Every structure is written in structure tokens, then in C-alpha cells.
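Worksheet: one structure, shown below.
The values are calculated or read from the model by the stated rules, or taken from the named source; none is laboratory data. Model, not experiment: these values are computed from the prediction. Methodologically, a virtual Cβ is constructed for each residue, glycine included, from the backbone with ideal geometry; neighbour enumeration extends over all protein chains shown.
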Amino acid sequence: MKEILLKTESLSKSFSNNGTLQHVLKNIDLKLYKGDFTVIMGASGAGKSTLLYALSGMDTPSLGKVTFGNKVISDLSPDGLAVFRRKHCGFVFQQIYLIDGMSIMDNILSTGLLVNKDKKALVQYARELLKAVDISEEAQKKFPAQLSGGEAQRVGIVRALINSPEILFADEPTGALNSKTGLDVLDTLTKFNEQGQSVVMVTHDMRSARRGNRILYLKDGMVLGECDLGRYRHKDTERHNKLSAFLTEMGW
Amino acid sequence: MKKHFLIAWCNLRRTKGQTVAIVLLILAASSMLNLWLMLSMDYKRNFDRYHDKLNAGHVTLALNGYNAELRDFITETLEKDKNVVQYCMDDALTANASFEYNDGEVSTEFIILEKQTALNRLVEKTEIVEDTKAASGIYLPMIYGMDNSISAGGTVDITIGDNVINYNVCGFLNSVMAGSHNCSMCMLLLTKDKYRELEEKGFAIKSTFVSVRINDKTKSEDFEAALKNKISNKYPDASSLSNSYNLVSSSRYISQMVCAGIVSAAAFLVILIALVVIISNVINYIQENMRQIGVFKAVGYRSRQIILALMLQFLSITLIAVITGIGLSYCLFPTINDMMVSQTGIPYTIKFLPVPYVITVLFICGAVAFAVWLPSRRIRKIEPIIALRQGIQTHNFKHNHIPLEKSHVPLNLALALKTTFSGKKQNITICITMLVLSLVLVFSELMVENIIADIQPFIRLIVGEMADSCININTDIEEEFLQKMDKNRDVSKCYLYHTIEVRHVGGIALSATLSDDFSNVNNKSVCFEGRFPKYDNEMAIGARYAKDKGLEIGDEITLTADGHEAKYIISGMTQVSNYLGKDCLLTRSGYERIGKLNDLSYYINTKTGTDIDKFNIAISRQFENGINMTVNIVSAVNGTAAVYVTLMKIIVIAVLVLSAVIITLVLYLLVRTLINNKKQDYGILKATGFTTRQLIFQTAASFMPSVIFSTAVGLVASSLVINPLTAVFLRGIGIVKCTFVIPVGLTVAAGVGIVLSAFGIVCLLSLKIRKIAPRVLLMGE
């Protein structure tokens, strides 16, 4: 029996647009499990990122609730959500979003020091993670603008993992990268997932999606279906075919 | 041109908050600039207008006696003098008199004329500005009707020596050369019956009042000195009161000069801050809109067109703000005018002044255009492709300030310091603003400490010597007087402090203050350089006059009085505003080398709790004859001081309110710019778990190093320069060195107050960070 990390009940999200209410997410009941690599797919405008941000406490739902463990996070104040995010979540963004004015190491430590008080151990851990994602020691002193897109995104992954979060949320992490660097980033995410890191990733790219073991398909703000791809063991063709069939069934 | 308007309009709509803040700064600056220009350009010209309107004299003399021979001599002298354009000579009475005014007392030399004589004079006409048409009574200068303690239709008690005469106040007059106690003689008009009555009673001295117009008014002091010289050579006993155009035009506008000086300083400081803010704004605009600029360039706009649009954007709001500011200055002017008229005593009619208007508009628009052009030159260097990439800083190897790995400061403070070190423009703007505000604050402290809370330091500087009572006696009772003073239980100190006129050979008439021993005087700072004269061949001289004449300590000059001349070595420099720096100090024996003393003024310090008025009356009663005049100095000074205290209170409150508004506006612009620039960073930090409170603290703390540094430096530097700077403003009235006390405790408290206020204001302004949700990072959905 898989351990439930996060669950939603009747999760809805609406935005007002020139006086008209647009329902982006509609009554979503969902459970996310520990150790899974969950991929959320869907057409543009389906509500993928909105769902991701609602799940991660980055945004509050209009209706329904989101529960992390036994704690209803959808009721938390903005500052309460911030504390929740720093302790339990890591984020990887499509646009990477490293802070330009800080060195690579400072980008990571600024997040890490929010939770960890043992700076020495934290620096050591950051170095290990950077080494694991193939960022050289020399590059650690650089600024984001001095790195390639792939390197920067891998730094983004390290920043997301520095507080050893229960869930790593990734919003189109390869969306702004070329295919080679995108592949490196996916490999990194897969590697950490294989080590037990729970990952929730939004993508509309099949190559990225087939790294997940659980695929959720969103359409018009609702989870239309899901597909279990099983653990990633480099059976690319088999996974590709299964995913293709699922997506065809969903109307992709 | 339409394209430029479109870009400018688009920019204005996007930056409403910043636009409003800049408009407010320019509005304040233009309103003060226009006020200053009106005060300095037209206000003093008003004196000339009234001088011409009333055909006033450039030199005015009141000579003792109705002596026909003396009058013939004066007539002959004036007729022969090619410089004389017109003159007029009439009977008058002179008296050292006093009356209560403005919670104090006015005690000065009065020239008293019969009403119809005064109104019908060819030169030096008098104008009645308020008239009850009462048949019998007195007309006072309009300056004494400003505080409502004396009103037309009421009564006033005029004290001449021991005699108190109650008059009905028929109205108020305007006399350009004798309309206030600042003119060395002050005019009173009596109706025919009252004039005859006073003449017959013999309380006042029968005199000859001479008013002379000359062809070059700038030489009025020289003419005055020459005329008096001629008279005293022929009639050594003829004592006189006199004044000149130069002296009166300066002394009646002391308050206007001080006020104009303060307003001009404030105006230029606000303009400076506004320009710094605009420069900073343009730089930020270029950074924030790099992509838009790239788009404009890519579609064919030239740099010049983009700069022109930017110029148009700022100049259009500047023009609106300047015109509104000038309008505001006209709204404020009546209040300032009331204050000024209560000081100058000359009516001023507010009207639209085109020259200050044009200068204000051109100066501020020109300065703003320059401030926009200076940083916007950078637009020329921007390549469209670079701009379209948001000015990608591929080669920007920034210095990593406060590396978190090595730093020992708490995380939030470290991140705040990183922002501080990366915000060069922000720091420069804060530093300039805080330096300016520190100066303003120290100036306000100086006003509070030395005028509002305790006016004595200001009085000591302006008036010079202060005691409780001044008693003028005939020399023949001096010995008896001093014996009685020695035995009087109410007297703690009695010393000679007598003012008499001498002339500098080759120069002008100087007011000489005599004392037996200057170590007795209460205010030692009157002689601020060198030392008081000790020997009969020494003198201390007014610093302003000495500077004008190129005289220094150790130089020898010749003084003359009563037809005798003697040389004196300058032992020190003095400063008192009473004679606009045209004064000197001599020992009594030093003066007696050239002149004879008929009367003497003694200054008396009474013991605490003594009623000075009762003391003066008691002394007068002790001598049947021989006491010419008693003056309650404290009361006399308080009468004038109260107006200064009120004026300074208004100025300090205005300056502090203005400072608070400016600091809030500047911080608002900086915080807003910072938040806009770092919106994405704040989103990232929020997403990674920073709370709004932490980010607000970081923002506020990032301002603090420059606020603390510039406030500390500003307060220390301002404390050092404020006295010399104040002396510059007061130089016109003869003050060349100020020694006002700057309260250290209050300065430290003010510094802490500025820092805490700045922190609080930035925290409040940073509340906008609450609205930055991490989902702003949401892209593509």
C-alpha cells in the first residue's frame, strides 16, 4: 500500500476575467503517493500549472481542500503556506528563476538556510548535490547568467532539493531548454526519483512525460484519466507506446 | 510628433504612482522657487514703489531745535549741492518714547509731526492707511496695528520719560523712511490740538525734520555722512537723528531677507531631490523597458525619437506640476505676506508677477529636461537585439557581496545587504536625500533651540548686549547715580553701555558703543574676533563694515566727532544687526579724545524676581532731574522677539512637514522601483518559502545602511556647517559669525528618529510585497 503524500478533495480554482468567472480547475479529487514520479499532462489551458501551484501551496484553491499528511494546507495563511513550502516542497520552474544577483551557491543557500541552521553541513550537502548534477566547483561561484540553460536548470533542481523536500514540483522543467540539455535535466530528475524523491511534473512533452510512472491527463480543469507506466527502467519504446495509446484515448 | 505623444502617454499610464510622486516634488519645488523669486525680486521693489509714491527722502534728519540760523545753513548747503534733487524742512518734535505692543514694549526715538504738516509735505509724504477721522488723537505706524493689540478707535499710552500720555488712536500711517522701530527714528502723527499740547508741555524736544532726495540713491549713506559732517563742523552741539535710504531699505527687510533665504534654500534642495529622483527614474525606466525600447528600435524608431518621447513624458508632467505649484505659491503668499508686512510695516498688494513665473517655468523645465537627457543618452547605445533579450547580461560578472557561505550575519540581513550593495543608484539617491534632510533638520533644531525654546541666543546675536534695564542720565548726576546703584538691593550689576554716533574719516557714520570696562558686558560674543578695546586708542569695529572697507585687526583708522579727530587701532571685530554691521566699540576715555558726553546710558542687571518696570519708576523718582529715559529692555526686546518666534515656528513646522513629505515621496519612489525591479525575485523567494514579513524586513533593511550612513554623516556635517551657513544668510544684516548651540542630544535623537521613521515608512510602503503571489511565476497557462 502506497503512502499518500498529498490529496485533494473537490479542488476548484476560478479566475475572474473582466467580470466573467473562469473555472480553471473543477472538483478535482486526487491523491499523490510517496516515491511516485507523477506527470500531469494536458493541452494548453487545461489547468496543469494551476493544479501544480494549488497542490504545492503556491496558490490557494477557490473551493475544496488540499491535505498534506494530516494537515489541510489550503486553509493556511500566505505566510503559513510559505513555511509549508520551505519545509516540504521543492520547485523547478520552466523559466528556471534563479536570482540573477546571487551566485549559484548563494541561490541554493538562500533557500537552504531558511530551514537548516547548520551552515557547514548545508554547504557540504549543496556541494554534493551540485556534484551529483555535474556542476563544477568553479561554476558554483558564477552567476546564473554565466551558465548555460541546462546548467542553470540543474542548479534549479539542486535548489529545489536542498531542503530534502517530501515532494519536488516541476513545471515544464525542459520547456525552455534545447533537447540535449532538456535530456540532462530529465535524467537528473529521474535519478533523484529513483533514489526515493517524490516528483510531480507538469509537461506537454511526451519525451518528458514518459519518465513518470503515473500520468494524469487534464482536460478543461478536470482529471480525464490516468495511466500507470510503471517504474522507469529504460524501456523507452514500450513506455512510449503505452503513453501514446493513453494520450490518443484522451484525445491528445 | 503624434508618435512621441503616444509613447509618452503610454509610459505615463503605466507609471501612475511614480508620476504622482514626481509631480508632488516638482509642485513643492516650483511653489517655493516662485515664492522666493516673488519675495526677493518684487517684495523689496515694493519699498522703492512706495518710496517713489510718497516721494520719500533718501536722507532724513531730525535736528534738535527750531534754530533759524541752523535752518538757513541747511537750506544753503542743500541748495548748493548738485546731488540734491529736492528737499523739505518742517517743525517736528523728537522724543525717546515707549508704548506697549505685542506683549512687549516699543522703545525708540520717535519723530512726531502734526498730521496736516506730514500729509502736505513735498518730500517724505505720509500716507494714512486707516483712519477713524477722529478729531483728536494719534496716528501710529501701521506695523503696530498688525497684532490687534492696538486698534484704530482704541487708545494707547505713550510714555515719554516719566510722563504717560493717553491718546485716542485715530488710525495708522505709512511712512517709508520712519515707519518702524527699525528705521532709527519712528514717526508718530498727532492731530493739531495734541501736537500743540505736547509742544507746550515740553516733554518732547523741538526739532527740525529734514528730508532730502538726491540723484543717486545708492550714495545715500555717503551723502548722509557728508551732510552731518558739514552740520557738526558748523554747529558742534547740534545733535541729530538720521537715516538713509540704504540703511532703511535694508533694515526694514531683515525678516524678508531671512525668510527669502530659507525659502530659496528649501526650494533648491527640493529641486535637487526632484532631479535626483527623475534621473534615477529614467535609469530604471530604461532598465525596466529594455525590451520595449528594443521593439521600438526594431520597428524603426530612432534613439532621438525615443529620448524625445521620454523628454515629452517628463516635461508634460513637469509643466503641469510647475503651473500648479506656481498657483499654490499664490495661495500661500497671502499668509507669508501678512507675516512679512507685520515685519516690514509697508503694505504690499499681491498681484500676478510674470517675471518670477517665467523664470520658475523655464528653470524647472530646463533642469528636468537636463535630468532626463543625462541618463537617457544611454538609449543611443542600446542595440535592438540586446534590448529584445532584456539586455541579457552575458558578460556581467557581478561581485558576489556578502557570500552566504562565509557570512556570519543572519540570512535575512545578509540578503538585505546584498540588495544594498547591488543598488548603487538607490544608495546615491538615499544619500543625497538624507544629506539634504539632515541639513534641514539641523537647521530646524537650531531654530527650535536658539529661537523657539529660548530666544536669548538669537537676541544676543541680533541685538548684541542684553540687560534688564537701561537708564539714560545726564552726566552731572553720574556720581550720585552710581552710588545709589551700588547700594540698591535690586541691582546685581550696573555698567556703562552708551551708544553715540561717530564718523569714520573717509567712511560713513558708525554707531559707537562706549563702556568703561567691556569685561562687564553680559554678551562677550559681540566681539567675536580679537578682543574688546582696553585702551583709549583702541576700538573694535563691525566686521561687515571692516570687510567692505578692507580693514583688519591691527589697522589704524581715524574717527571724528564734535569736530575733533583721533586715530584708533582696531583690536577686534564685532557683529550686531542693530546697525547692519556699521558699528564700533570704544572705551569711554577713547571717545572722550574726540567728543564730549552730555548724557550716558547705563545697563543694569537686576536680581531675580525684580519687577523691572517698578524698578525703573523707583529710580526715576529718586532723581528729580537728570534721568532722561528708562527702558525695560526685556520688555522691549520681547515685543519684537515674539514676532520672530512666531515666524520661526511657522518656518520650522513648514520645513519639517515638507521634509516628511519629501522623504516619504523619495522612499515611495525607491521602494516602488525596487519592488518592480525585484518582483520576480520576490516571487522566487516566496515560492522557495520566504514569508512576506521576511521580504518586507529584507526590503526595509536594505535601505538602512545608506540611510544610517548618510544620516550620520549628514547630521555631523550639517552641525559643522550650519553656523557658517546661517552667517551667510545673515551677512546682509551685519552678522558674519554665528555661534548658535546645536543640541547634541536632540541631534542624536533626530538621527535615530530619521532612521526609525525611514525603516517604518519603507516597511509600510513594502506592504505591496503582500500582493506578489508566487503564482506570478506561472507562465504559459
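Given the structure, is residue B:101 under 21 Å from residue B:161 (Cα atoms) and touching a helix residue (DSSP H, G or I) at 6+ places or on another chain (Cβ under 7 Å)? Answer is yes for this residue. Kindly indicate whether any position in segment B:738-752 is surrounded by fewer than 23 Cβ atoms within 10 Å (Cβ to Cβ), of a type in the set (Phe, Trp, Tyr) and assigned to a helix (DSSP H, G or I). No - not one qualifying residue is present in segment B:738-752. Going through (1) small (Gly, Ala, Ser); (2) surrounded by 18 or more Cβ atoms within 10 Å (Cβ to Cβ); (3) more than 30 Å from the chain's Cα centre (by Cα) one by one, residue B:507 falls short only on (3). Is it fair to say residue A:109 is within 10 Å of chain B (Cβ to nearest Cβ), more than 27 Å from residue A:49 (Cβ to Cβ), of a type outside the set (Val, Ile, Thr) and buried (at least 24 other Cβ atoms within 10 Å of the Cβ)? Against the criterion (within 10 Å of chain B (Cβ to nearest Cβ), more than 27 Å from residue A:49 (Cβ to Cβ), of a type outside the set (Val, Ile, Thr) and buried (at least 24 other Cβ atoms within 10 Å of the Cβ)), residue A:109 qualifies. Among the conditions (1) under 30 Å from residue B:613 (Cα atoms); (2) outside any strand (DSSP E or B); (3) within 36 Å of the chain's Cα centre (by Cα), residue B:140 misses just one, which is (2).
Reported count of residues in segment A:7-46, each being of a type outside the set (A, V, I, L, M), within 14 Å of another protein chain (Cβ to nearest Cβ) and closer than 22 Å to residue A:207 by Cβ, is 3. Of all residues in segment B:499-525, those being part of a helix (DSSP H, G or I) and under 17 Å from residue B:581 (Cα atoms) number 2. Answer with yes or no whether residue B:370 is under 25 Å from the mean Cα position of the chain (by Cα), in a helix (DSSP H, G or I) and under 29 Å from residue B:316 (Cβ atoms). Answer is no for this residue. Within segment A:84-95, count every residue that is among the basic types (Lys, Arg) and more than 7 Å from every other protein chain (Cβ to nearest Cβ). Residues in segment A:84-95 being among the basic types (Lys, Arg) and more than 7 Å from every other protein chain (Cβ to nearest Cβ): 1 in total. Kindly indicate which of B:728, B:645, B:655 is among the β-branched types (Val, Ile, Thr), in a helix (DSSP H, G or I) and more than 30 Å from residue B:144 (Cβ to Cβ). The conditions single out B:728. Checked against the criterion of being within 13 Å of chain B (Cβ to nearest Cβ) and not in a helix (DSSP H, G or I), the candidates A:98, A:177, A:114, A:130 yield just one match: A:98. Residue count for segment A:203-229 under the criterion of being crowded, with 20+ Cβ neighbours inside 10 Å and either in a strand (DSSP E or B) or free of Cβ contacts under 8 Å to residues at least 40 places away in the same chain (or both): the result is 8.
Every residue, every condition in (1) surrounded by 22 or more Cβ atoms within 10 Å (Cβ to Cβ); (2) within 26 Å of the chain's Cα centre (by Cα); (3) among the charged types (D, E, K, R); (4) closer than 30 Å to residue B:215 by Cβ, yes or no:
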{"site": "B:245", "(1), (2), (3), (4)": "yes, yes, no, yes"}
{"site": "B:255", "(1), (2), (3), (4)": "no, yes, no, no"}
{"site": "B:273", "(1), (2), (3), (4)": "yes, yes, no, no"}
{"site": "B:282", "(1), (2), (3), (4)": "yes, no, no, no"}
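Close contacts from segment A:55-80, counting a first residue that is at the interface with chain B (Cβ under 9 Å from one of its Cβ atoms) and a second that is in a loop (DSSP other than H, G, I, E, B), with Cβ to Cβ under 6 Å and a gap of 6+ residues or different chains, come to A:79/B:691.
Just one residue in the set A:77, A:110, A:103 is within 22 Å of residue B:773 (Cα to Cα), small (Gly, Ala, Ser) and out of contact with any Ser or Thr (no Cβ under 9 Å at 6 or more places or on another chain); that residue is A:77. Looking only at segment B:691-736, count how many residues are of a type in the set (Val, Ile, Thr), without any contact (Cβ under 8 Å) to a residue 40 or more places away in the chain and surrounded by fewer than 17 Cβ atoms within 10 Å (Cβ to Cβ). The qualifying residues number 2. Run residue B:631 past the list (1) assigned to a helix (DSSP H, G or I); (2) buried (at least 20 other Cβ atoms within 10 Å of the Cβ) and report the number of the one that doesn't hold. Failing condition for residue B:631: (1).
Within segment B:220-239, if we keep just the residues that are among the hydroxyl-bearing types (Ser, Thr, Tyr) and surrounded by fewer than 21 Cβ atoms within 10 Å (Cβ to Cβ), the residue that is farthest from the chain's Cα centre (by Cα) turns out to be B:235. Consider residue B:150 carefully, then state whether it is aliphatic (A, V, I, L, M) and not in a loop (DSSP other than H, G, I, E, B). Spelling it out, it is not the case that residue B:150 is aliphatic (A, V, I, L, M) and not in a loop (DSSP other than H, G, I, E, B). The selection criterion, being surrounded by fewer than 24 Cβ atoms within 10 Å (Cβ to Cβ) and within 14 Å of chain B (Cβ to nearest Cβ), holds for residue A:172. Only one of the numbered conditions (1) of a type outside the set (A, V, I, L, M, F, W, C); (2) more than 23 Å from residue B:468 (Cα to Cα); (3) more than 27 Å from the chain's Cα centre (by Cα) is not met by residue B:606, and that is (2).
Does residue B:405 qualify as being away from chain A (no Cβ under 14 Å) and surrounded by fewer than 22 Cβ atoms within 10 Å (Cβ to Cβ)? Judged against the criteria, residue B:405 is not a match.
Quick one: would you say residue A:90 is part of a loop (DSSP other than H, G, I, E, B), touching a residue at least 12 places away in the same chain (Cβ under 8 Å) and buried (at least 23 other Cβ atoms within 10 Å of the Cβ)? It is false that residue A:90 is part of a loop (DSSP other than H, G, I, E, B), touching a residue at least 12 places away in the same chain (Cβ under 8 Å) and buried (at least 23 other Cβ atoms within 10 Å of the Cβ). Search segment A:143-152 for residues being under 20 Å from residue A:124 (Cα atoms) and more than 10 Å from every other protein chain (Cβ to nearest Cβ), and hand back the single one that is surrounded by the fewest Cβ atoms within 10 Å (Cβ to Cβ). Checked segment A:143-152; the qualifying residue surrounded by the fewest Cβ atoms within 10 Å (Cβ to Cβ) is A:151. It is to be established whether one or more residues within segment B:71-84 are touching a helix residue (DSSP H, G or I) at 6+ places or on another chain (Cβ under 8 Å) and either closer than 27 Å to residue B:337 by Cβ or outside the structural domain of residue B:246 (by TED's automatic domain parsing) (or both). No: zero hits.
Which ones in segment A:231-252 are under 30 Å from residue A:64 (Cβ atoms) and in a loop (DSSP other than H, G, I, E, B)? Listed by number, the residues that qualify are A:251, A:252. For residue B:294, are the conditions met, namely being farther than 30 Å from residue B:663 by Cα and either free of Cβ contacts under 8 Å to residues at least 24 places away in the same chain or in the same structural domain as residue B:677 (by TED's automatic domain parsing) (or both)? For residue B:294, the condition - farther than 30 Å from residue B:663 by Cα and either free of Cβ contacts under 8 Å to residues at least 24 places away in the same chain or in the same structural domain as residue B:677 (by TED's automatic domain parsing) (or both) - is not met. In segment B:678-689, what residues are at the interface with chain A (Cβ under 10 Å from one of its Cβ atoms), closer than 17 Å to residue B:289 by Cα and part of a helix (DSSP H, G or I)? Residue satisfying the conditions is B:680 alone.
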